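Colleague: Sharing a structure below in structure tokens format, with a few things to ask.
Please treat every number below as a calculation from the coordinates, not as lab data. Nothing here was measured: the structure is a model prediction, and the numbers come from that model. Neighbour counts run over all protein chains shown; Cβ positions are idealised from the backbone, glycine included.
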Amino acid sequence: MTLIKVLLQLSTVARVSAGPARRCFAHLSISTRVSAVSASATFWSMRIRSYAAGKGRSDPRSSPEGPSEADDIFKILPEIYDTAMASFGPIWSDLVATVVDIYRDSEGPSNVLDLASGPGEPGTMLAEQFPMAMVTMSDLEDKMLEQARRRVEERLSSERAKSVAIRKIDILKLQEDASIRKNSLDLVTCSLGLFLAPDGIGDIYKILKPGGYLVAAVWDSTPAADITGRCIAKINGLEEIPPVPVDGTSLGNGKADSMLRAAGFRESKGHNQVGILPLNIGPIGHKKTFILGALPYLSNLLKEDEKNPGSFQETQEEFWEESRRFLNLGETDLDLVYEYKYRILCVQKPYN
């Protein structure tokens, strides 16, 4: 899953003029994942790349104005993404354990599609658990697809890998993908990327066979992002906390249930089980730590910094203080470890 899958997706572009320099930010509605801690980092790397494109340059660091906050983020996002992804193992394990449980008394799925797979998970784990299944891992980012290929080569035998496919698939455009037929899949999985395409739940229902399952992990809470929103409002004198451009918790806390029922799904064993992920986003005082915690609010931070130069740095300093209070840290405590809550969705397409 991507930063931060975080960090990933693309579809509509809106340009926003900001600041005396009239810089334009092309805001992309991503189709792969921010997890990153949302979510995926692809999402945010695309936002920063579009910022560069809006200034007529392929690399924002080449600006004669010198590097900006956006330029720095552009440079370090890949490393942030890798750091975040390394922490998501417990979520993948819980998702796969749920799948194993629902197929405990059967032969298991024969045709599996893992959406927004990022570096190839939980698709690779599913391929290990169900050696007879055809498993397709998918993402929209070439870098993620390459990581998935390497993961398959390292973890699966060459014989098992013959029944594993790695493809570029847009989670927002499943119906337009000619390779995915209606009523063709036994299982669709998605770890932390479903919130990017809530309207696609109906499309997932259509591509599943009767009796097929959708098993997904979604965020219930992203506390570092919540703190970021409060800090942005305080530093910039806003009356209200700004809405997050991409809300990683939009399908959490039971909010997905009505959408799943409307699509035709019925709840299955393991639905709405909740887990806690202790997420160490890094040491206090490091910019990478702040960016990882603030991922969902990156575009807000950059826009406010355009209007009020220096507010990015001020918000970062306020973030350290708020985090210390929230986590009840002492002066010698350095790392910020938040408890992120996630939820497993497990629903079935009825046989009739």
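Colleague: What Kirkwood hydrodynamic radius, in Å, does the range 196-334 give when the mean of 1/r is taken over all pairs of distinct Cα atoms and then inverted? It would help to have the intermediate numbers written out before the result.
Modeller: Numbers: mean 1/r = 0.0577 Å⁻¹.
About 17.3 Å, per the Kirkwood formula over Cα pairs.
Colleague: Could you pull out every residue, at least 5 positions away or on a different chain, whose amide H is within less than 5 Å of the one on ALA165? Hs are placed 1.01 Å off N in the peptide plane, and Pro or chain starts have none.
Modeller: VAL135, THR136, MET137
Colleague: What is the spin-label model distance, in nm, from ASN280 to LYS307 if the labels are put 7 Å beyond Cα along the C-beta direction?
Modeller: Placing both labels 7 Å along Cα→Cβ, they lie 3.8 nm apart.
Colleague: Which net charge results when you count Lys and Arg as +1 and Asp and Glu as -1 among the other residues whose beta-carbon is under 11 Å from that of PHE326?
Modeller: Numbers: positive: ARG230, ARG324, ARG325; negative: ASP226, GLU321, GLU322, GLU339.
Overall, the nearby charge balance is -1.
Colleague: Rounded to the nearest 0.05, what FRET efficiency is calculated for SER157 and ASP177 with R0 set to 35 Å and r the Cβ-Cβ distance?
Modeller: 0.75
Colleague: May I pose another question? Subtracting the Cα-Cα distance from 0.36 nm times the residue separation, let me have the gained length for LYS168 to GLU321 in nm, one decimal.
Modeller: 50.9 nm
Colleague: Please report the net charge: other residues with Cβ closer than 13 Å to the Cβ of LEU208, K and R +1, D and E -1.
Modeller: Details: positive: ARG181, LYS182, LYS206, LYS209, ARG266, LYS349; negative: ASP186, ASP203.
My count for the surroundings of LEU208 gives +4.
Colleague: For the range 247-260, what does the Karplus curve 6.51 cos²θ - 1.76 cosθ + 1.60, with θ = phi - 60°, yield as ³J(HN,Hα) per residue in whole Hz, taken in order and with x for Gly and Pro?
Modeller: The phi angles translate into 8, x, 9, 5, 10, x, 6, x, 5, 7, 4, 5, 5, 5 Hz.
Colleague: If we sort 319-328, 90-99, 343-352, 155-164 on the protection proxy, mean other Cβ atoms within 10 Å, highest first, what's the order?
Modeller: Put in order of decreasing packing, that is 90-99, 343-352, 319-328, 155-164.
Colleague: Quick check on packing: order 230-242, 142-154, 118-130, 201-213 by the mean number of other C-beta atoms within 10 Å, highest mean leading.
Modeller: 118-130, 201-213, 142-154, 230-242
Colleague: Oh, and also: In whole Hz, with x marking every Gly and Pro, tabulate ³J(HN,Hα) for the range 144-151 from phi via Karplus 6.51 cos²θ - 1.76 cosθ + 1.60, θ = phi - 60°.
Modeller: Going residue by residue, I get 5, 4, 5, 5, 5, 4, 5, 5 Hz, with x marking Gly and Pro.
Colleague: In a Debye calculation with equal point scatterers on the alpha-carbon sites of the range 63-183 and no solvent, what is log10 I(q)/I(0) at q = 0.23 Å⁻¹?
Modeller: One equal scatterer on each Cα of the range 63-183 leads to -1.39.
Colleague: Please report the base-10 log of the normalised intensity I(q)/I(0) for the range 78-149, using a Debye sum with one equal scatterer per alpha carbon and no solvent, at each q in 0.12, 0.27 (1/Å).
Modeller: -0.33, -1.28
Colleague: What is the calculated FRET efficiency for TYR351 to ARG104, with r their C-beta to C-beta distance and R₀ = 25 Å, to the nearest 0.05?
Modeller: Between TYR351 and ARG104 the formula returns 0.85.
Colleague: If you don't mind, there's one more thing I want to ask. List the residues of the range 155-169 whose backbone N lies under 12 Å from a point placed 7 Å from the Cα of ARG149 along the Cα-to-Cβ direction.
Modeller: 166-168
Colleague: Also: Could you calculate the contour length gain from MET132 to LYS255, that is, 0.36 nm times the residue separation minus the distance between their Cα atoms, to one decimal place in nm?
Modeller: 40.8 nm
Colleague: Could I ask something else about it? Taking the Cβ of ILE284 as the center, what net charge do the other residues with Cβ under 12 Å away carry, scoring Lys and Arg +1 and Asp and Glu -1?
Modeller: -3
Colleague: Apply the Karplus curve 6.51 cos²θ - 1.76 cosθ + 1.60, θ = phi - 60°, to the phi angles in the range 158-169 and return the couplings in whole Hz, x for Gly and Pro.
Modeller: 4, 5, 5, 5, 5, 9, 10, 10, 10, 9, 7, 9
Colleague: How far apart, in nanometres, would the label points at LYS269 and ASN328 be if each is projected 7 angstrom from Cα along the Cα-to-Cβ direction?
Modeller: Label at LYS269, label at ASN328, 3.9 nm between them.
Colleague: What percentages make up the Cα-Cα pair-distance distribution of the range 131-207 when the bins are 5 Å wide from 0?
Modeller: Pair shares across the bins are 3, 14, 24, 25, 19, 12, 4, 0.
Colleague: Specify whether the C-alpha gyration tensor of the range 256-352 places it in the rounded, prolate or oblate class, a ≥ b ≥ c being the square roots of the eigenvalues: rounded for a/c under 1.5, otherwise prolate if a/b is larger than b/c and oblate if not.
Modeller: oblate
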